[in-house]
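Peer 1: Take a look at the following structure, please.
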Amino acid sequence: MAGEKVLVVDDRPENRDFVVNYVLKPNGYQYLTAKDGEQGLRLALQQSPDLILLDMQMPKMDGVQVLEALHQKGRDIPVILMTFHGSEELAVKVFRMGVKDYVIKPFQVSELISAMERALAEVRLRRERDALTQQLMLVNRQLERRVNALNTLYSIGKSVTAVLNLEQLLNRLVEAAVYISGAEEGFLLLVDRESNELYVRAALGLEEKTARNLRLRVQDSLAGQVVRTGEPILIGGQGVKIETAYLVKALLNVPIKASGQVIGVLGVDNRVSEEAFGRHELDMVSALAGYAGIAIENASLFGTVEGERRKLETVLANIEDAVVLVQDDAADTVILANRTMCTAFEVSGEVTGQPLAQVVDHAALLDLFRRARARARSAHAEISLPDGRTLNAHVTPIPGVGQVAVMQDITHLKELDHMKSEFVSTVSHDLRSPLTSIKGFADLLPVVGSLNAQQQDFLQKIQRGVETITELISDLLDLGRIEAGVNLEMMPCELAPIVEKVMQDHLNHAHLKTQTLQWEIVAPLPPIMGSPLRLGQAVSNLINNAIKYTPKGGQISVSVTEDDGQVVVTVQDSGIGIPPADLPYIFDKFYRVQTKETQDISGSGLGLSIVKSIIEKHQGRIWVHSQAGAGSTFSFVLPAIQN
Ligand code: ADP
């Protein structure tokens, strides 16, 4: 491939003409000619030809001198020597000075052309290599810039979640936008919804005063256009002047969005340089704007959560109940304990992050936490404090968090309850003696003299009344004793013989009402901790009621079974049932259902409260299913002794 520039240096015009007319012109080379060594050297230095055809013997400056001069100047132009026979030896010597080949005069056209092509092939190869190297370096530089930009994006991305200081993060984002886009200055504007203006939240390169005072109307500014349309703006380049808040030559503004709404603008610009921003800068700055949106949204969410947390903390700190929240781990690590809690349990120092057992030295409370966890549902207990106060404590599991204990001071209620029980017990006691006298003298009346029919009727009424009051008083005294824990000594016991005895005792009673009384005890039953006397009393009260509230000819069945580490006792009857409206109250003291069916049935309204009290003293639970007219089923469970 010809076209290269060839310099012919020969003192003989016929030689120069020959080379030009027969070799260079016909083959499409460009050419220059020099008539001696001096001119040749000058042209070579000025025009940088691709190849020099150099005669050896010339006046003023011969070929060797030209070569030496070029070599000294560091000019590496390939040279083909045109020599005569006999000077080959010299030609070999100058090969190290850039001489690629030689032709011996007189030479054939084809001979020179092949020598030139050989020399130029090398030149062409070198040029291609240089061009490729240049290209590679350019691509390398671009790649390096992109890697840097991506690294910046990556580290900013990490900061979005790691840096909690929004101010600092937004400034970093603007710095990154300026760095990545190679801009002169950058800014982050946010929309003030009240005034519908944009104000500077972070800036780099902008004068401090400008940044502080800059407010752009969303309605009629370039940045405002980005807010209105949600689309980026990319303008500028050679000779362009853009009027923004001041004159800039290139500008890139991208929207910052949060929850699908444009909340601001991230922008970069050049005021001095005419360098425009391109697609790459747009993509990068858009990515940064995305981070800005996330960071601002996060900060606002964080602010809300933090606010709520503070509110909750204030409520908890000032609440009168003692509250302690522990984590769902083996150590019951304390997450939160309020002031009432710390005062009540005499806790001082740092409690958060400590195992509960190290914070609180109170066996009953720790046991309550253990119980709630084992049952995976809330547990309740009354807890006595060293200062004599009583707390009503509920420990409730909170899925995914842990367990919370809420404890209410019920000391005052306990005192009142105690006073009431004492009062009832004193009054009941005091009523007993006169009642015994009334009963004694009433029983004696028929003995001291005969009574007419009416007197006998009155006497019976007196005796029934006295019986009812005596029953009521004995129930009241009993309830007081149970609540006070009298005759409630707990021991390992079997429920089967207790129930068996109660059933036997009631057979006669049921028989009198022509009722069938049957029972099933599914052995083996695990032992329980309890008072046989009180448990017998509880079962007896339930059977009594079943017989009492079931008409003649009805059926009563009792079952005792084991279920999941608990003993379950069920008393079912085919009696009058309980209306739904009364169901929530039947375990309350003195509550009696007032219906047509119950009006002739006497009772104190204390039987079920006694049962409930006994079962709860045994850490058990009692409940009822009933429907008016369709019978009732009372059930209670007692925990078996853990192995
Ligand atoms: P009482 O002395 O009135 O029987 P209880 O406390 O034993 O008092 O029972 C409270 C009320 O619950 C009773 O008045 C009665 O209306 C209702 N009741 C209790 N057991 C039964 C039952 N097995 N069937 C229907 N009603 C019942």
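The values are calculated or read from the model by the stated rules, or taken from the named source; none is laboratory data. Predicted model, so just to flag it, every value in this text is computed and none were measured. Using ideal geometry, Cβ is built from the backbone for each residue, glycine included, and neighbour counts are taken over all protein chains shown. With ligands, DNA and RNA removed, areas are computed over all heavy atoms of the protein, side chains included. Shrake-Rupley method; radii C 1.70, N 1.55, O 1.52, S 1.80 Å.
Peer 1: Along the positive direction of the dipole of the chain (beta-carbon charges: Lys, Arg +1; Asp, Glu -1; about the Cα centre), which of V23, M491, Y549 reaches farthest?
Peer 2: Looking along the dipole axis, the top candidate is V23.
Peer 1: How much accessible area does S348 have with a 1.4 Å probe, in Å² rounded to the nearest 10?
Peer 2: We get 100 Å² for S348.
Peer 1: Still on this structure, I have one more. Mind checking which lysines have their C-alpha under 24 Å from K501, skipping anything on the same chain fewer than 8 residues away?
Peer 2: Partners within reach: K513, K548, K552, K612, K617.
Peer 1: Further, regarding this structure: Give me the tail of P(r) for the chain as a percent: Cα-Cα pairs with distance above 38 Å.
Peer 2: Percentage above 38 Å: 68.
Peer 1: OK, next. How large is the accessible surface per residue of the range 1-114, computed with a 1.4 Å probe and reported in Å² as a whole number? Display every interim value, and only then the final one.
Peer 2: Working: 5810 Å² over 114 residues.
Value for the range 1-114: 51 Å² per residue.
Peer 1: Relative contact order for the range 336-386: what is it in percent, counting Cα pairs under 8 Å that are at least 6 residues apart?
Peer 2: Once normalised by length, the contact order is 27 percent.
Peer 1: How do H418, H380, H280 stack up against each other in accessible area, from largest to smallest, with a 1.4 angstrom probe?
Peer 2: Largest accessible area first, the list is H418, H380, H280.
Peer 1: On average, how much accessible surface per residue is there in the range 400-533, in Å², for a 1.4 Å probe, leaving out ligands, DNA and RNA?
Peer 2: 64 Å²
Peer 1: Quote to one decimal, in nm, the extra length available between Q261 and V424 on full extension: 0.36 nm per residue of separation minus the C-alpha distance between them.
Peer 2: Details: separation 163, 0.36 × 163 = 58.68 nm, distance 7.11 nm.
Gain on stretching Q261 to V424: 51.6 nm.
Peer 1: Let me ask something additional. At a probe radius of 1.4 Å, what is the per-residue accessible area of E483, in Å² to the nearest 10?
Peer 2: 60 Å²
Peer 1: Can you put I113, I180 in order of accessible area, largest first, using a 1.4 Å probe?
Peer 2: These residues rank, largest area first, as I113, I180.
Peer 1: Contour minus end-to-end for R271 and S557, with contour as 0.36 nm per residue of separation and end-to-end as the Cα-Cα distance?
Peer 2: 93.2 nm
Peer 1: Could you tell me the calculated FRET efficiency between I438 and L413, based on Cβ-Cβ distance and R0 = 35 angstrom, to the nearest 0.05? Please report the intermediate quantities before stating the final value.
Peer 2: Working: r = 36 Å, r/R0 = 1.04.
The computed FRET efficiency comes out at 0.45.
Peer 1: Counting only C-alpha contacts under 8 Å and six or more residues apart, can you give the relative contact order of the chain as a whole percent?
Peer 2: The normalised contact order for the chain reaches 6 percent.
Peer 1: Tell me the mean residue ellipticity at 222 nm calculated for the chain from its helices only (DSSP H runs of n ≥ 4, each -39500 (n - 2.57), averaged over every residue, nearest 500).
Peer 2: -15500 deg cm²/dmol
Peer 1: Give the relative contact order (percent, whole number) for the range 439-527; include only Cα pairs under 8 Å separated by 6+ residues. Walk me through the numbers on the way to the answer.
Peer 2: Working: 22 pairs, mean separation 21.6, N = 89.
Over the range 439-527, the number comes to 24 percent.
Peer 1: Given a cut-off of 21 Å, name the pairs among K35/K93; K439/K589; K60/K100; K414/K589 whose C-alpha atoms lie farther apart than that in the structure shown.
Peer 2: Among K35/K93; K439/K589; K60/K100; K414/K589, the Cα-Cα distance tops 21 Å for K35/K93; K439/K589; K60/K100.
Peer 1: Next question, about the same structure. From the mean inverse distance of alpha carbon pairs (Kirkwood) and the Cα radius of gyration, derive Rg over Rh for the range 534-643.
Peer 2: Radius of gyration over Kirkwood radius for the range 534-643 works out to 0.97.
Peer 1: Would you tell me the accessible area of H506, worked out with a 1.4 angstrom probe on the heavy atoms of the protein chains, in Å² to the nearest 10?
Peer 2: Accessible area, nearest 10 Å²: 20 Å².
Peer 1: Let's test the formula: R0 of 30 Å, r as the Cβ-Cβ distance of N196 and E306. What FRET efficiency results, to the nearest 0.05?
Peer 2: 0.55
Peer 1: Straight-line reach from K461: which aspartates and glutamates have Cα under 20 Å away, leaving out those fewer than 8 places along the same chain?
Peer 2: D443, E471, D600
Peer 1: Oh, and also: For a test of the definition: using alpha carbon positions, the gyration tensor, and the 1.5 limit on a/c, classify the range 23-126 as rounded, prolate or oblate.
Peer 2: rounded
Peer 1: Please give every one of the lysines within straight-line cross-link reach of K25, meaning a C-alpha to C-alpha distance under 17 Å, and leave out same-chain neighbours fewer than 8 residues apart.
Peer 2: Within reach: K5.
Peer 1: When the accessible area of the range 141-278 is split by element with a 1.4 Å probe, what percent falls to carbon and sulfur?
Peer 2: Details: 3530 of 7410 Å².
Within the range 141-278, the accessible surface is 48 percent carbon and sulfur.
Peer 1: Now a separate question. Counting C-alpha atoms alone, how compact is the range 40-194: give Rg to one decimal and Dmax as a whole number, in angstrom.
Peer 2: When restricted to Cα atoms, the range 40-194 yields Rg and Dmax of 30.1, 99 Å.
Peer 1: Could you calculate the contour length gain from D457 to D220, that is, 0.36 nm times the residue separation minus the distance between their Cα atoms, to one decimal place in nm? Walk me through the intermediate numbers first.
Peer 2: Details: separation 237, 0.36 × 237 = 85.32 nm, distance 10.66 nm.
This chain segment gains 74.7 nm when fully extended.
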